[in-house]
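Colleague: Can you read through this structure? Questions will come right after.
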Amino acid sequence: MTTLVGLDVAGRLVVVAGGGPVAARRGRALLADGAHVRFVAPWICEDVTDLLAGAADEESVMWVPRDVRPGDLRGAWLVHAATDDARANREVARWAAESRIWCVNAGEADAGTARTPATTRSGDVLVGVVTDTADGSVAADPRRVREVRDSVAEHLRSGARDQRRRRPGTGHVTLVGGGPGAVDLLTIRGRRALAEADVVVTDRLGPVGVLDELAPGVEVIDVGKTPGNHPVPQYEINAILVDHARRGRAVVRLKGGDPFVYGRGGEELVACREAGVSADVVPGVSSALSVPALAGIPLTHRGVVAAFHVVSGHAALGAAATTAVRDRSATLVVLMGVAALPRIVDELLDAGADPQTPVAVVENGSTPRQRLTRATIGTAVARAAAVGVGNPAVVVVGDVAAEEILEGASD
């Protein structure tokens, strides 16, 4: 029976006999785990040369330029026999066994005393797959192992199963950008973070449908804001994140779009760090870019415009944005701009923008309720009022918002 044991190689010597691509792959993985790697081979490939060149010091990785000898294994905790000679690999494995050192034979898994599993990682969960060949009834089958590994990896990445810790640990906050609203536009990393979460602090926007997929027992805290109504102020949201993390919980702050694009993610990250709470960020698909794209509006288009500005409707546009629209040198994208549309139009007209400049308003982007309304700067306010445009919506101003922009597009 083969027993799976996780070896801690950090700071420990591992000898790799061989200098080719296989040896390089094994060495790279070992270095990533913090091992001190000694290559023993008369020649080394370019990948091993790169590992040597990138080493922080000679202790972490070194090369002995000759054929491997029994004495090279002295002091090693683990040996990888990865030469291009099967007989030499078996010899190295024999030396290791005599010295009671675990050995992986890269060419013949059955001939070593250890095996390198096909691994996949999901957060802090590392899964390894091997075939049990100890009794000789089953031969090592790398292709089968990889296929099983890939199936497990796909299952873990989907975030469909509960991956929460079952024992107390250090609390952590993950700021997750959920994208514009559709659950399938949430990133794989973001979905995995939700599968590991004990607490989810959520807004009213973004992929709220994913909350129905959370495991029973996950605490969901709604801190969503609506225009003019902020029932949970930002300082309280910061305190909620810090408090739950200090209790040893895995906390996800689920936001629409991207946390750092008008999402106050920077403020929340600073609050966590100032409180001594570990925190990281999972970027999201920003509504500023994705919602126009889903409506068939390119923010840049060859021969039309090569730049764009993203602004918030809560503040004045500023000279750079109004000048860009006036000169038709950049597309203007306004988030949270429905209520401010009359002011936005006045600012653009006062700056000298052409009233015939196209405008598009995309409501509820990526959801079944997505709706596109087209107008011009001169007609935008009346048109929006006539059709009842409401939040959430993205406003696009510029020639790319014209209905015919993609007609007759060339390579």
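Colleague: Over the chain, what is the percentage of antiparallel beta bridges among all DSSP beta bridges, to the nearest 5?
Modeller: 35 percent
Colleague: Starting from the Cα-Cα distance between E108 and D222, subtract it from 0.36 nm times their residue separation and give me the gain in nm to one decimal.
Modeller: My answer for the length gained is 35.5 nm.
Colleague: Sticking with this structure for a sec: For the chain, what does -39500 (n - 2.57) per DSSP helix run (n ≥ 4), summed and divided by total residues, give at 222 nm, in deg cm²/dmol to the nearest 500?
Modeller: Dividing the helical sum by the residues of the chain leaves -8500 deg cm²/dmol.
Colleague: If you filter segment 1-80 for GluC sites (Glu not before Pro), then keep DSSP loop positions with at most 15 other Cβ within 10 Å, what is left?
Modeller: Within segment 1-80, the qualifying GluC sites (Glu not before Pro) (loop, at most 15 other Cβ atoms within 10 Å) are E58, E59.
Colleague: Mind listing the phi-derived Karplus ³J(HN,Hα) values for segment 115-129, rounded to whole Hz, using 6.51, -1.76 and 1.60 with θ = phi - 60°, and x for any glycine or proline?
Modeller: 9, 8, x, 6, 10, 9, 10, 10, x, 9, 9, 10, 10, x, 10
Colleague: Trypsin sites (Lys or Arg not before Pro), restricted to segment 39-125: which are DSSP loop and have at most 12 other Cβ atoms within 10 Å?
Modeller: Here the trypsin sites (Lys or Arg not before Pro) that fit, given the DSSP loop and packing criteria, are R66, R74, R100.
Colleague: Which order do E403, E213 fall in if you start with the one that has the fewest other Cβ atoms within 10 Å?
Modeller: Listed from fewest to most nearby Cβ atoms, that is E403, E213.
Colleague: While we're here: If I model a spin label at R74 and R302 as a point 7 Å from the Cα along the Cα→Cβ vector, what separation in nanometres do I get?
Modeller: Once both label points are built, they end up 6.5 nm from each other.
Colleague: Can you pull the one-decimal nm distance between simple spin-label points at V125 and D50, each 7 Å off the Cα toward Cβ?
Modeller: 3.2 nm
Colleague: Can I ask one more? Within the chain, which whole H helices from DSSP have a Cα span along their axis of at least 15 Å and a mean Kyte-Doolittle hydropathy of -1.0 or more, if any?
Modeller: 21-32, 86-98, 234-246
Colleague: Something else: Just to be sure I understand: of the beta bridges DSSP finds with both ends in segment 289-401, what percent are antiparallel, rounded to 5?
Modeller: Once the DSSP bridges in segment 289-401 are tallied, antiparallel ones form about 75 percent.
Colleague: Taking only the Cα atoms of the chain, how large is their convex hull per residue, in Å³?
Modeller: Per-residue hull volume (Cα only) is 209 Å³.
Colleague: Now for a different question. What is the calculated FRET efficiency for A351 to A293, with r their C-beta to C-beta distance and R₀ = 25 Å, to the nearest 0.05?
Modeller: Computed FRET efficiency for A351 and A293 comes out at 0.40.
Colleague: Taking R0 as 45 Å, what FRET efficiency do you get between D162 and A97 from their Cβ-Cβ distance, rounded to the nearest 0.05?
Modeller: Step by step, r from the Cβ atoms, then E = 0.60.
Colleague: Here's another thing I want to ask about it. On a C-alpha basis, how far is the centre of segment 144-192 from the centre of segment 284-337 in Å? Whole number, if you could?
Modeller: Using only Cα atoms to place each centre, the spacing works out to 32 Å.
Colleague: Taking only Cα atoms and a 10 Å spring cutoff, compute GNM fluctuations for the chain and point out the largest among R25, R383, R164.
Modeller: Comparing R25, R383, R164 in a Gaussian network model of the chain, the most mobile one is R25.
Colleague: Here is a follow-up. Given the Cα-Cα distance of E274 and R25 and 0.36 nm per residue of separation, how much length would full extension add, in nm?
Modeller: That works out to 85.7 nm of additional length.
Colleague: Nearest 0.05, what FRET efficiency do E236 and D33 give at R0 = 41 Å with Cβ-Cβ as r?
Modeller: That pair, E236 with D33, gives E of 0.50.
Read-outs throughout are calculated quantities, based only on the coordinates presented, and are distinct from any laboratory measurement. What you see is a predicted model, and the numbers here were worked out from it, not measured in a lab. Glycine also receives a Cβ, built like all others from the backbone with ideal geometry; neighbour counts cover every protein chain displayed.
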